[in-house]
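**Q** Here it is, the structure, as structure tokens.
Values quoted throughout were computed directly from the atomic coordinates according to the rules given, and no laboratory measurement underlies them. None of the values given here were measured: they were computed from a predicted structure. Every residue, glycine among them, receives a Cβ derived from its backbone with ideal geometry; neighbour counts consider all protein chains shown.
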Amino acid sequence: MKKLYISLFTLAGYLSYGQTEAQLDSIANSFNIHLSEVIINVDKPVFQQKADKMIFSVENSVLSEGSTVLEVLGRAPGIVVSQDGELSLRGKKGVSVMLNGKLSSLSTKELANLLRSTNSSVVKNIEIIANPSAKYDASGNAGIVNIVLKKYNIEGLKGSYYINGGRGRKNRLNTGMNLSYATEKVSLFGDYSYTFRGEEERKTYYQDFYNTSDPLLIDRSTKQRSITSEPLTSNNFKVGVDYTASSKTSLGFLFDAKIGRYEDKSKGSNLVYMPKNTLYQSIATDNYNDEHWYDYTFNFTAAHKLNEKGGKVDLDVEYETSKFRSMQTQLQENLYSQNGEILDDRKAKIPTHLKVFNAKLDFTLPFNDNNALETGWKSIVKSNTNPSIYETGKNGHWNIDPEATNDYKYKEQIHSVYANYKLVIDKWQIQAGLRTEYTHRDIHQRTTNQRYKKDYTKLFPSASIKYETESAHGFYASYSKRINRPSHFDLNPFRFYDDPFNYWQGNANLKPEITHASEIGYTWSKYLIATLYFSQTSDVMTQVYNYIDNNTILVKTLENLSKSYHYGMTLTASVNPFEFWSMSNMFNLFNNKYEGNYNDNDINTKQIAFTLNSQNSFKIASGIKAEANAQYFSKSNIGLYKRDAYFDLSLGLSKSLLSDKASIKLAVTDVLKTNNFRITGENFNSKIRQKYDLDSRIATLSFNYKF
């Protein structure tokens, strides 16, 4: 049955067609327009393919109801979300995430928690930008994902309310509302949402350790199993005002708050065999992690029209303060040990405080209808403090662990200027730009009184060209240079324990990744969009595993490899097989190759892989529609390790009520229960296998009402 689904959607993808920017920038051409008492109802597209980005319309997707933003990202074309919440685009890691066009400064873990706690009902669409121009931040060597939140500008009092409940292995609940009031001069808006997400996951880690003299012999093996309960609760709200000062000038202010709690309750076992089939040690584990965060953002914007040709200046100033606290307890019961060893229990208090100030000034200066200059400046100043305290103990007696306790302070400044020129000549569209970014980084390890300072300035050129013929054929090419900087979490050299046998340790000497990316494409009317792409990255940040304490504790960290190469092709297409059925498809074939040296071991790994996404919409009857989203991901490599293939099929059904003012929707994700996360890899003197049985099959019933 599973193979039948895969074959069906693959065949449909090859038989389908696409549409380009010349055809209304959309792979479907429907809209929903309200004109006073006149209402014209037609379906909006779920996916739109523009010249520089793919747009996923979350507000028009039945399957997005009741989901978190992180779950919705996992169903977007070309995006893969790892178990830790890290994004990859077209098979490449290093994606930058923007919220309403503003780059996030949070670490992967902190951002993942915020996206898990944000309901999809507040999101308008998701923009996937694979090869950004110089106007965008150079950060993100795989591209940019911009999450655009909803905003209401209709005059009068408007609002909506939603509630949805779901069940996977645990219960889920989301509810919220938004209100807006607008006059000719002033627009007031606000929203509030409450989220509870229960989740249960089952994890298994296998590790085999080879004999150093004879790599065919296994000296030691370990097997870890755990079942986690991971409830998450969040309260998110924002209020804002937009003021039209004159026909040329507008001002805006926004306050956004995200307050949440995440718990990770895990019970499991750790078995050590030495030699391979002889039990050496058996330990029962009981771990508890209690995380809280308080994220507040203050934003001011101003826009002024310079002339009637479209000249304008935009000012954006923002301050964010984000406090995060984790309280950990890791208890162990020694069930059996050949040498009678009793391991210590652990507990930790890990607070962090991130402060980010950023400001930017953008100018759009048209010379005439055919050419214009975009230029501007941006500065980001951020700091992070992390005074972590770890303790070890036996029988209720606790002592400070000096190997893990740490007082870490991180400061970073990024200042940039850019210029981007656009020219239209007959059938040609040409764009060229240059961005300059200066970075200053200062890390202070107060515990050991070590400092790591780094300053560098880099240039980031970009260019694109597009040609369209009268017969609806189009050709385009683009190039950009990108950077992926390590986060404050990646650089912290002290320990963050997942459990007593696994911990993460950052690397203060990490270098930023530099990527040169290029692509060429061909479009044919509304029938086909095809792209070939290639990128080369130097100083690739790759996760590696080390072992300490006689190979009993696994240490995860990041190291820079020499190079990686990423190249492939994408096909984007759409078709209406029948009047009631519309289909959008994306096929991506790629190869990831990594080269380098680690611990005197040469690394040369590659893997050809492909992904297929098929989004299907069905008009069943008046006011009733259904959706089916199928995604297949073949086996692919993640640095030194490989992820097994997986498939995801999600179904949804919606019914309009109360003269289209309300709707009720039912959605089921991962219907076939085939979306699992499995990784294998050779780590020089050992083999690693990780299996995650995800809580991915979830049924959600939702109700929405607009007024």
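**Q** Could you list, in their original order, any pairs among LYS158/LYS258; LYS265/LYS673; LYS238/LYS619; LYS135/LYS691 whose Cα atoms are separated by more than 32 Å?
**A** Among LYS158/LYS258; LYS265/LYS673; LYS238/LYS619; LYS135/LYS691, the Cα-Cα distance tops 32 Å for LYS238/LYS619; LYS135/LYS691.
**Q** Sorting ASP442, ASP670 on the 10 Å Cβ count, fewest up front, what's the list? Before the final figure, lay out the partial values.
**A** Values: ASP442 15, ASP670 20.
Lowest to highest Cβ neighbour count: ASP442, ASP670.
**Q** A further question on this structure: Below 13 Å, Cα to Cα, which aspartates and glutamates can LYS124 reach? Residues fewer than 8 away in the same chain don't count.
**A** Correct list for LYS124: GLU59, GLU65.
**Q** Let me ask another. Which shape class, rounded, prolate or oblate, goes with the stretch 157-300 when its Cα gyration tensor gives a ≥ b ≥ c as root eigenvalues, a/c under 1.5 marks rounded, and past that a/b bigger than b/c marks prolate?
**A** Numbers: a/c = 4.68, a/b = 2.86, b/c = 1.64.
Note, shape of the stretch 157-300 comes out prolate.
**Q** Then there is this: Measure of size requested: the Rg and Dmax of the stretch 394-469, with Cα atoms as the atom set and Å as the unit; please supply both.
**A** Just the Cα atoms of the stretch 394-469 yield Rg and Dmax of 24.5, 80 Å.
**Q** So which aspartates and glutamates pass the test for LYS635, namely a Cα distance under 12 Å, with those fewer than 8 places away in the same chain ruled out?
**A** Answer for LYS635, where 12 Å is the Cα cut-off: ASP644, listed by chain and number.
**Q** For the stretch 564-627, compute the orientation-averaged projected area of the C-alpha convex hull (one quarter of its surface), in nm².
**A** The directionally averaged projection comes out at 6.2 nm².
**Q** Once you have all Cα-Cα distances for the stretch 88-173, histogram them in 5 Å bins from zero and send the whole-percent values.
**A** 3, 11, 18, 20, 16, 13, 10, 7, 2, 0
**Q** Additional query: Tell me the net charge near ASN171. Cut-off is 15 Å between Cβ atoms, ASN171 excluded, with +1 for each Lys or Arg and -1 for each Asp or Glu. Don't jump to the answer; show the numbers that get you there.
**A** On the way: positive: ARG167, ARG169, LYS170, ARG172, ARG197, ARG697; negative: GLU199, GLU200, GLU230, GLU263, ASP695.
Here the count lands on +1.
**Q** Arrange the following residues from fewest to most other Cβ atoms within 10 Å of their Cβ: LYS661, LYS642.
**A** LYS661, LYS642
**Q** Sum up the charges of everything whose Cβ sits under 12 Å from the Cβ of ARG346, counting Lys and Arg as +1 and Asp and Glu as -1, but leave ARG346 out.
**A** In short, -4.
**Q** Normalized C-alpha radius of gyration of the stretch 438-596, against 2.2 N^0.38 Å?
**A** 1.49
**Q** A further question follows. Could you name the aspartates and glutamates in cross-link range of LYS355, using Cα to Cα under 12 Å and dropping any fewer than eight places away on the same chain?
**A** Output for LYS355: ASP295, GLU318, GLU320, GLU412.
**Q** With the dipole of the chain worked out from charges on the C-beta (+1 for Lys and Arg, -1 for Asp and Glu) around the Cα centre, which of VAL417, VAL671, GLY311 lies farthest toward the positive end?
**A** Ranked along the dipole, the leading option is VAL671.
**Q** Rounded to the nearest 20 Debye, what is the dipole magnitude of the chain about its Cα centre when Lys and Arg each give +1 and Asp and Glu each give -1 at the C-beta?
**A** With only Lys, Arg, Asp and Glu charged at Cβ, the dipole is about 380 debye.
**Q** How much of the DSSP bridge set in the stretch 2-706 is antiparallel, in percent, rounded to the nearest 5?
**A** Details: 386 of 395 bridges.
So the antiparallel bridges amount to about 100 percent of the total.
**Q** Show log10 I(q)/I(0) for the stretch 2-706 at q = 0.06, 0.09 Å⁻¹, two decimals, from a solvent-free Debye sum over equal Cα scatterers.
**A** So the normalised log intensities work out to -0.36, -0.85.
**Q** Where the eigenvalues come from the Cα gyration tensor of the stretch 308-460, what are the semi-axes √(5λ) of the equivalent ellipsoid, largest first, in whole Å?
**A** 54, 17, 15
**Q** Please work out how many pairs of lysine residues in the stretch 500-605 are eight or more positions apart (or on different chains) and have Cα atoms closer than 26 angstrom.
**A** Taking the Cα cut-off of 26 Å, the pair count is 5.
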